[in-house]
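Some notes on the structure that comes next.
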Amino acid sequence: MDAELASWLALNQIPGLGNEGLRRLLQAFGTPAQIFATPVHILQQVVQPAIAATITQGWNEEKLAPIANWLAEPHNHIVTLTDPDYPQALLNISDPPLLLYVKGRLELLQHSALAVVGSRNATPQGLSNAEAFSQTASAAGLCIISGMAHGIDAAAHRGGLREYGSSIGIVGTGLDKVYPAANRQLAHQLAQEGALISEFSLGTPPLAANFPRRNRIISGLSLGCLVVEASLQSGSLITARMALEQGRDVFAIPGSIHAPQTKGCHHLIKQGAKLVECAQDILEELGHFPVSTTLQSSVPEEHPLLMHLGFDPIDMDSLSQRSGLTIGALSAILLQLELDGDIATLPGGLYQRIN
């Protein structure tokens, strides 16, 4: 590890300093190396005496050894604020991270991107929407940014990875940890075909306070933020608010007025978010992005019953009255549609279209 990077890492690890204190020091003294060379009485004019004293002690090379070992592994990178590879989009936000740990394709940091976020407890329809919207946007060249959580985040990453725009997961832990553990395979795929990013040092556990903080990176890297499903208490609304503060477009998919998972989206729409019904609505708003012809030609012809089924849950008797088909005929068709991934069965004998 070269001395310049070591000074960035050492400065970033000083207890109690934080991002704001780091920025003040950089504005006052220049590079991290110059900060470490500044006398303690001058540092005390910018930071607290205890922090100034810690800085003048320099750094312990042994503490940086695990990071050096991590960097030696293939496809692992650390990008500092002054690095040419630092994403230009993040330079324009009020609180950019001083450095980023990156695992995967470094070039994706410079790609035009769309943030896709939503509920961890998503409905089958929400998961299908997140995956389909993300795949179409990725086919149009947009990198899909999300937070690697259960539900909408994971579905968005899966959709983005299917096309050449690919996907980036922004995590709230060190990159040597996977959270949630159930997404280990997804994390591995993102590291191979997309990228994982964290501003937190290696070894950082999944602390609750870190996840809202990482949301500013999700929105900051993106041209716009799509909220697929969200309750009124969802953390996705934090990401949407940050996107607005950063001057990004916010999009929301509407849903049933009775579903708690869509009330957050409806709230955003009332506040001025753009209502979208298909991915093309987003692409047109952000500018022309050509969708790959392979994706366009792969759209299958839908079964006629799907017109009668709709996207709200429905019971068998109501569907029989609506379609004019007998219960026996419906049962056979619904089974096939479920196997094809077009519908989902819900508790209480209900069915819902998801594709």
Two-site FRET efficiency, M1 against D95, from Cβ-Cβ distance with R₀ of 25 Å, rounded to 0.05: 0.45
Per residue value of the accessible surface for the chain (all protein chains in place, 1.4 Å probe), Å²: 46 Å²
GNM result for the chain, Cα springs below 10 Å: residue of V40, V117, V171 fluctuating most strongly: V40
Using a Gaussian network model of the chain whose springs link C-alpha atoms within less than 10 Å, name the residue from L108, L100, L25 with the highest mean-square fluctuation. L25
Tilt relative to the chain, helix 3-12 - C-alpha long axis, 0 to 90 degrees, to 10: 70 degrees
Of the peptides 242-251, 304-313, 13-22, how do they stack up when ordered by the mean number of other Cβ atoms within 10 Å, highest first? 242-251, 304-313, 13-22
On average over all directions, what projected area in square nanometres does the chain have, based on the convex hull of its Cα atoms? 19.5 nm²
Measure off, as a whole percent, the carbon and sulfur share of the 1.4 Å-probe accessible area of the chain, all protein chains present. 53 percent
Mean separation of Cα contacts under 8 Å (6+ apart) over length of region 86-152, as relative contact order %: 40 percent
What residue among G287, G169, G255 has the largest mean-square fluctuation in a Gaussian network model of the chain, using Cα springs under 10 Å? G287
Can you list the aspartates and glutamates whose alpha carbon sits under 19 Å from that of K263, skipping same-chain ones fewer than 8 residues off? D153, E229, E277, D312
Which of the listed residues, A139, A89, L106, is farthest toward the dipole's positive end in region 59-195, when Lys, Arg count +1 and Asp, Glu count -1 at the beta-carbon? A139
Protein chains only, probe 1.4 Å: how do T326, T31 rank by accessible area, largest first? T326, T31
Less than 16 Å apart at the alpha-carbon level, and either on another chain or at least 8 residues along: which lysines does that give for K177? K103
Starting with the highest mean, order 149-156, 138-145 by the number of other Cβ atoms within 10 Å, averaged over the residues of each peptide. 138-145, 149-156
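The values are calculated or read from the model by the stated rules, or taken from the named source; none is laboratory data. This one's a predicted model, so the numbers in the text were calculated from it and none came from an experiment. Methodologically, a virtual Cβ is constructed for each residue, glycine included, from the backbone with ideal geometry; neighbour enumeration extends over all protein chains shown. Keep in mind that these areas ignore ligands, DNA and RNA; they rest on the heavy atoms of the full protein, side chains included. Shrake-Rupley method; radii C 1.70, N 1.55, O 1.52, S 1.80 Å.
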